[in-house]
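The values are calculated or read from the model by the stated rules, or taken from the named source; none is laboratory data. Here the structure is a predicted model, which means the values were calculated and not measured. Please note: Cβ atoms are built from the backbone with ideal geometry, for glycine as well, and neighbour counts cover all protein chains shown. Ligands, DNA and RNA are excluded from the accessible area calculation, which covers all protein heavy atoms including side chains. Shrake-Rupley method; radii C 1.70, N 1.55, O 1.52, S 1.80 Å.
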Amino acid sequence: MRNVDAAGLGIGDDHPPRIMGVLNVSKESPYDPSVYDDPGDAAEYVDEELIAEGADIVDVGLESANKDLDVLSAEQELERLDTAIETMASTAGDAVWSIETRYHEVADEALARGFDMVNDICGFADPEMPRVCREHDAAVSKMASPPDLERPGAIENVDDIYEALSMNGFTDKTILDPAFGGWSEAKTHADDRETLRRLREFRGYGRPLLVSINRKSFLKTIAGRTTEEALPVSLAATSMAVERGAHVIRTHDVAETRDAALVGAEFARGRVRTGRDAGDVAVEELDVTTAREAERHLDRLGADREVAGEASVRTYELTGLPEPAVGALRAATAGSEGVDGVAFALAGAAAGTAEPPSATDGGEPDADGTGSHGLLICTPAGRSALTDAVSGVSDPLDAALETMDDGWK
């Protein structure tokens, strides 16, 4: 995983989760507590409500990205930039300053006048944006979007997010944002929930991830909360996002979100990672839990996708196995001739017990007489091969394996 240096602030797996607090200088923005048009009041808010509460980054929005509002031109955004610059100059606290824009002209002016970072909500739909960020050696957050400056984040199918993130390439300091929220009429709450479930997948480009999920509707509707009541669900999702690999959390609720992010980081998977000294082989255990996540890393390396089927393992306890099913499972997984990527352990057949059942018999039924049970451990490819090997032996086993197949999707 590539780490990004944002004006001295490290972002990536080698660093703690970073909190991006939000300041809006756009009267159209829907969340009133973060909206200011007076630089003095804005600076006070940044110092007391963002930086003092733990914000590492201050993200300044010049216009609302609400899809129902007219899109400002680059010239109109530039007219509002003075307020942001004056706010930054009036702030006493120390933070990285990010400008939220879709236009390279605005990014160029903001970076030239003291901003450190760009939050591009149209994901390089302006093809000059990468050049500007490179010239200023600036970190840039790139949100998944269509190649359209008037439709930020309007990716209407979760399966299209990954490809959209690569539009017009990357800079060395690109951070990726999979675009949570109602950016288009076609995107549903279920789509956003699936995106969060699949968050590790977007690590496949090997770049840090930013998520903006604070008080979003796809979380509010789970618990039936209004925006004002939605902080608890946002914090729960924040911990989950960090545990699943997010590096930057964009939020209006800085102190609480910081705490939730630290909890997520504490319980994230431990993975082997070593540096690379001269003559050494560097090791990085990838954060992979599904075959699809593995495929993303294989694509990044230009490697054979077929090995992705061996990249994740699931364990199932099977209860009520009829005798033919047990015999088929044991025969298919026994010895050197067994199906690769699959292991089956029958209950009551532990090592050292007398006369364990053979690979072809059904073993001993459970005490209730409803059949045997055991553990099936398999990779996706192994489960598929096992299905082929035992198909037709037992209708209940066929149905169980079909259920497992549905679970991998």
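Scanning segment 325-353 for residues that are open to solvent by 70 Å² or more (accessible area, probe 1.4 Å) and closer than 12 Å to GLY382 by Cβ yields a single hit, ASP340. Of all residues in segment 255-276, those that are modelled with pLDDT of 95 or more and not in a loop (DSSP other than H, G, I, E, B) total 12. The lone criterion from (1) within 18 Å of the chain's Cα centre (by Cα); (2) without any contact (Cβ under 8 Å) to a residue 40 or more places away in the chain; (3) within 22 Å of ARG250 (Cβ to Cβ) left unmet by ASP159 is number (3). Scanning segment 169-218 for residues that are under 11 Å from the mean Cα position of the chain (by Cα), among the aromatic types (Phe, Trp, Tyr) and either farther than 20 Å from CYS122 by Cβ or not in a helix (DSSP H, G or I) (or both) yields a single hit, PHE180. The residue that is least open to solvent (accessible area, probe 1.4 Å), counting only those in segment 263-289 that are out of contact with any helix residue (DSSP H, G or I) (no Cβ under 8 Å at 6 or more places or on another chain) and aliphatic (A, V, I, L, M), is ALA282.
May I ask you to verify whether VAL96 is out of contact with any helix residue (DSSP H, G or I) (no Cβ under 9 Å at 6 or more places or on another chain), closer than 22 Å to VAL248 by Cα, at pLDDT 95 or above and open to solvent by less than 20 Å² (accessible area, probe 1.4 Å)?
Yes: the conditions hold for VAL96.
Yes or no, residue by residue, for (1) open to solvent by less than 20 Å² (accessible area, probe 1.4 Å); (2) modelled with pLDDT of 95 or more:
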| position | (1), (2) |
| --- | --- |
| MET1 | no, no |
| LEU9 | no, yes |
| VAL25 | yes, no |
| VAL35 | no, no |
| LEU69 | no, no |
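For segment 37-48, filtered to residues that are in contact with a Leu (Cβ under 9 Å, 6 or more places away or on another chain) and of a type outside the set (Phe, Trp, Tyr), the residue that is modelled with the highest pLDDT is VAL46. Looking only at segment 111-137, count how many residues are under 22 Å from GLY204 (Cα atoms) and in contact (Cβ under 8 Å) with a residue 40 or more places away in the chain. The total comes to 6.
Among the residues of segment 235-254, is there at least one that is open to solvent by 60 Å² or more (accessible area, probe 1.4 Å), without any contact (Cβ under 8 Å) to a residue 12 or more places away in the chain, in a helix (DSSP H, G or I) and more than 23 Å from ASP120 (Cα to Cα)? Scanning segment 235-254 turns up no residue that is open to solvent by 60 Å² or more (accessible area, probe 1.4 Å), without any contact (Cβ under 8 Å) to a residue 12 or more places away in the chain, in a helix (DSSP H, G or I) and more than 23 Å from ASP120 (Cα to Cα).
Screening segment 290-324 for residues that are assigned to a loop (DSSP other than H, G, I, E, B) and of a type in the set (Val, Ile, Thr) and picking the one that is least open to solvent (accessible area, probe 1.4 Å) gives THR290. For segment 127-170, filtered to residues that are under 18 Å from SER64 (Cα atoms) and among the small types (Gly, Ala, Ser), the residue that is surrounded by the fewest Cβ atoms within 10 Å (Cβ to Cβ) is ALA154. If the condition is being of a type in the set (Gly, Ala, Ser), farther than 21 Å from LEU23 by Cβ and not in a helix (DSSP H, G or I), then segment 219-234 contributes only GLY224. Among the residues of segment 138-175, those identified as touching a strand residue (DSSP E or B) at 6+ places or on another chain (Cβ under 7 Å) and over 18 Å from ARG203 (Cα atoms) are ALA138, PRO152, GLY153.
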